[in-house]
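All remarks here apply to the structure that follows.
The values are calculated or read from the model by the stated rules, or taken from the named source; none is laboratory data. Remember, predicted model here, so these are calculated numbers, not experimental data. Every residue, glycine as well, gets a Cβ built from its backbone with ideal geometry; the counts of neighbours run over all protein chains shown.
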Amino acid sequence: MVLSLVFMTASNFAHATQLQPWELKHQQLQQQRDVVFACLEEVHAALVARAQDEAPALLIRLSLDAPQTRASGYGLLPVIRDDVPHSAVVPTQTFYSLKWLEERFVKEFQKAIKLARQVPDAVEIEPLVTSFEQSLKQLRNLEDNLDYHEQWQNAVVRSPVYFRNKNKLVALARQMNMLITNNESPQRVAELREQLVQSVASFRSTSGLSILSLNEGQKVLPVTVCTDIEDQNFLQDFHAGVQEAFTRSSPARAHRFSVDLKWRMIKADILYLNGAPDHGTRISMDEHRALFEDCPLVLTTGASSTSAMVGDRIFLGTEPVSRRTLAHEFGHLLGFEDAYLRGYDGEPGDDYGVIVVEWTGLTADLMGDSARGRVNEVMIAALITAYDESVLE
């Protein structure tokens, strides 16, 4: 067994003096992840041996993939997961901390060791398989959290002024939430909410979009997006997410409004006349975007994480996304800014770096909560006002 394995400490990386303290801690946590996985590997081998003799039907539940940093690069697409059910959207503060991750990895290691000790002697095997599945799933979640934290620690270091300004808004969100929690000063809550919405949830129209007014008052917004993605299943899922979120929303039906999303395919060998990059190749996203000439709106791959620029493009990373989240990103092409807020506590030079702070639900719509929010009356009204020429007249 791997009982002799111990977690690495920051001193193991002392030679890497060019790294920031949080980067040393991040490397340490990657080592801790590997130790947890090594223990689960031995649990897996022991469970497989027992299942082969005692319960062959359980073998299908004993799959094991090595943990690794999620690959990203040109041509790689995210897995599309199921949407979560719609629910009430309320202001919610979420923290992402390397200190918390360190504590979680210790707990997962302890759980893995305990499970390893139980496997030889436990009478029933199925509860052991269930515990193994849960531990492996939790390890995968921690891996995602580790990748996410690295992304935003780097962002804070690269853009200090931007995030200091965001921290001022974080303070306002906390003040508003405290008043809501204590059921105090509804008028002040309304003022703070309006101030936050104006700061983080602005709308600016996208050049070239215009609503077509058809028979019986139907309003159709044609949107053509250039893409080099040739996976038709992915494009169909993206299209379905947009239709479900926008066209089938109650406000859109009430206004007889719909979005007509069409893809303009530009294959990689057209973009790259001297040969397209291999799948998984790291590329300059700005240079890649520039290759889409005469394309106001673009959907493409190659980013380290999924992001969008209002009225311009969507860059896809490889972290799993839902159809509703893709519709949220599409909302940026239509002119909507994010209505959530990201800042931080602490300082980048601290031993664990910053604690990433996220506020969602500042508005109760798709742009305020990409997982649970809906396209609402305000969003549809903004689109009609911006793009219906008959309204403008």
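Among the residues making up region 192-244, those that are of a type in the set (D, E, K, R), farther than 24 Å from ARG323 by Cα and loosely packed, with under 13 Cβ neighbours inside 10 Å are GLU194, GLU216.
Scanning region 287-307 for residues that are at pLDDT 95 or above and under 24 Å from the mean Cα position of the chain (by Cα) yields GLU287, HIS288, ARG289, LEU297, VAL298, LEU299, THR300, THR301, GLY302. Which of the residues belonging to region 56-113 are more than 29 Å from LEU299 (Cα to Cα), surrounded by 15 or more Cβ atoms within 10 Å (Cβ to Cβ) and small (Gly, Ala, Ser)? If the condition is that a residue be more than 29 Å from LEU299 (Cα to Cα), surrounded by 15 or more Cβ atoms within 10 Å (Cβ to Cβ) and small (Gly, Ala, Ser), then SER97, ALA112 are the ones that fit. Within region 180-189, which residues are out of contact with any helix residue (DSSP H, G or I) (no Cβ under 7 Å at 6 or more places or on another chain), closer than 16 Å to VAL90 by Cα and assigned to a helix (DSSP H, G or I)? Once the filter is applied, which keeps residues that are out of contact with any helix residue (DSSP H, G or I) (no Cβ under 7 Å at 6 or more places or on another chain), closer than 16 Å to VAL90 by Cα and assigned to a helix (DSSP H, G or I), region 180-189 yields THR181, PRO186. Somewhere in region 345-363, is a residue free of Cβ contacts under 8 Å to residues at least 12 places away in the same chain, over 13 Å from VAL90 (Cα atoms) and either part of a loop (DSSP other than H, G, I, E, B) or basic (Lys, Arg) (or both)? Within region 345-363 (the criterion being free of Cβ contacts under 8 Å to residues at least 12 places away in the same chain, over 13 Å from VAL90 (Cα atoms) and either part of a loop (DSSP other than H, G, I, E, B) or basic (Lys, Arg) (or both)), the answer is yes, since at least one residue qualifies.
Going by what's in this entry, would THR281 be described as touching an Asp or Glu at 6+ places or on another chain (Cβ under 9 Å) and among the β-branched types (Val, Ile, Thr)? When the stated conditions are applied, THR281 does not pass them. Of the residues VAL225, VAL189, VAL220, the single one that is within 30 Å of MET285 (Cα to Cα) and of a type in the set (A, V, I, L, M) is VAL225.
Taking every residue in region 177-189 that is on the phi > 0 side of the Ramachandran plot and pairing it with any residue that is of a type in the set (A, V, I, L, M, F, W, C), at least 6 positions away or on another chain, the pairs with Cβ-Cβ distances below 7 Å are SER185/LEU179.
Of the residues MET309, MET285, which single one is over 17 Å from LEU76 (Cα atoms) and either in contact with a Cys (Cβ under 6 Å, 6 or more places away or on another chain) or touching a residue at least 12 places away in the same chain (Cβ under 8 Å) (or both)? On inspection, the qualifying residue turns out to be MET309.
Looking at region 143-176 only, could you name the residues that are of a type outside the set (A, V, I, L, M, F, W, C), within 30 Å of ASP65 (Cβ to Cβ) and in contact (Cβ under 8 Å) with a residue 24 or more places away in the chain?
Scanning region 143-176 gives GLU143, ASP144, ASN145, ASP147, TYR148, HIS149, GLU150, GLN151, GLN153.
Screening SER202, SER185, SER213 for residues that are within 27 Å of the chain's Cα centre (by Cα), modelled with pLDDT under 95 and not hydrophobic (A, V, I, L, M, F, W, C) leaves exactly one candidate, SER202. Could you look through region 282-315, keep only residues that are within 21 Å of ALA201 (Cα to Cα) and of a type in the set (Ser, Thr, Tyr), and pick out the one that is surrounded by the fewest Cβ atoms within 10 Å (Cβ to Cβ)? The extreme case among them is SER307.
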